[in-house]
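Just so you know, all these numbers are worked out from the coordinates, no wet-lab data involved. This one's a predicted model, so the numbers in the text were calculated from it and none came from an experiment. Cβ coordinates were reconstructed from backbone atoms using ideal geometry, including for glycine residues, and neighbour counts include every protein chain displayed.
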Amino acid sequence: MTLNETLKQLQALGNAKVRAQNAKSGAGDNQFGVSLGDIRALAKKIRTDHPLALSLWETGNVDAQFLATLLIQPKKLSAKEMDRMVRSLTFVRVADWLNAYVVRQHPDKEALRQDWMAADDRWAARAGWDLTAERVAKSPDGIDLTALLARLEAEMADADPEVQWTMNNTLAAIGIHFPKHRKRAIAIGEALGIYRDYPVSKGCTSPFAPIWINAMVSRQG
């Protein structure tokens, strides 16, 4: 399928309600408003197509970028290409798909994580903290959790909202997976108060770190 053919299909799937929801969440005008379910269905139809994915990404169109994250082959991206894609982000929901489906699968993700943890760019920093949360939960060897908690305590309150989210994920991951650090992680969350009043749907767990940590630990119980 060509780029133009794919864009036409996306445009045909566009919905005004989805466009409005995306705009409310920070998306710009370069979007068709395709539901995520329809994007997944189209990706299943096209299957992996790395060149098409790169072309879709370059359009800057929100829906095209969502689709691109499902078609791309992370191992075919150089570290520089991966870094450039992350820094080109404009919409937080696309950032989450890119991080989940591409960045976490990249062979150079640890080197990128270390670079991004020192980055001023908000999207690079968001990706760096996302990878750090993953490492804390899955492969924490070599991670200084005490130093990480100190950095979260010092920096999280003043971080960009896009970065705060994955910093908070890291804080919660430390508290959930490491009893030794749980009390301090909860105390930091209480002192910062970030997401204390975050609205959540019935049956969902609050992202407020103390509530999140306690809820997950009780499930482990």
Looking at the square roots a ≥ b ≥ c of the eigenvalues of the Cα gyration tensor of segment 1-121, which shape do they give, rounded for a/c under 1.5, prolate if a/b is larger than b/c, or oblate? oblate
Which entries of 109/138; 80/138; 45/109; 45/80 have Cα-Cα distances beyond 23 Å here? 80/138; 45/109; 45/80
Once both axes come from the Cα atoms, what is the angle between helix 3-12 and the longest principal axis of the chain, in degrees from 0 to 90, rounded to 10? 80
Output the 0 to 90 degree angle, nearest 10, between the alpha-carbon long axis of helix 36-46 and the longest principal axis computed from the alpha carbons of the chain. 60
Rounded to whole angstroms and listed largest first, the alpha-carbon spread of segment 131-221 along its three principal axes comes to 38, 34, 22
With no solvent term and unit scatterers on the alpha-carbon positions of the chain, Debye gives log₁₀ I(q)/I(0) at q = 0.13 Å⁻¹ of -0.81
Hz values of 3J(HN,Hα) by residue in segment 85-100 - Karplus curve (6.51, -1.76, 1.60), Gly and Pro given as x: 4, 4, 6, 8, 4, 9, 9, 4, 5, 5, 4, 5, 5, 4, 5, 6
Would you mind getting me the FRET efficiency between residue 196 and residue 220? Use the beta-carbon distance for r and R0 = 25 Å, nearest 0.05. 0.60
For a protection proxy built on the mean count of beta-carbon atoms within 10 angstrom, sort 128-141, 45-58 highest first, please. 128-141, 45-58
MRE, 222 nm, helices only [DSSP H, n ≥ 4, -39500 (n - 2.57), over the chain, to nearest 500]: -20500 deg cm²/dmol
Given just the C-alpha atoms of segment 111-175, how large is their convex hull per residue in cubic angstrom? 74
Which angle from 0 to 90°, rounded to the nearest 10, does the C-alpha axis of helix 209-220 make with the longest principal axis of the chain? 90
State, to one decimal in nm², a quarter of the convex hull surface area for the C-alpha atoms of segment 165-211, i.e. the direction-averaged projected area. 3.2
Under the 0.36 nm per residue contour assumption, what length would be gained going from the current alpha-carbon distance of residue 146 and residue 48 to full extension? 31.2 nm
Per-residue ³J(HN,Hα) for segment 142-154, Karplus 6.51 cos²θ - 1.76 cosθ + 1.60, θ = phi - 60°, Hz, x for Gly and Pro: x, 8, 7, 5, 4, 5, 5, 5, 5, 5, 4, 4, 7
Rg to Rh for segment 24-81: what is it, with Cα atoms only and Rh by Kirkwood? 0.99
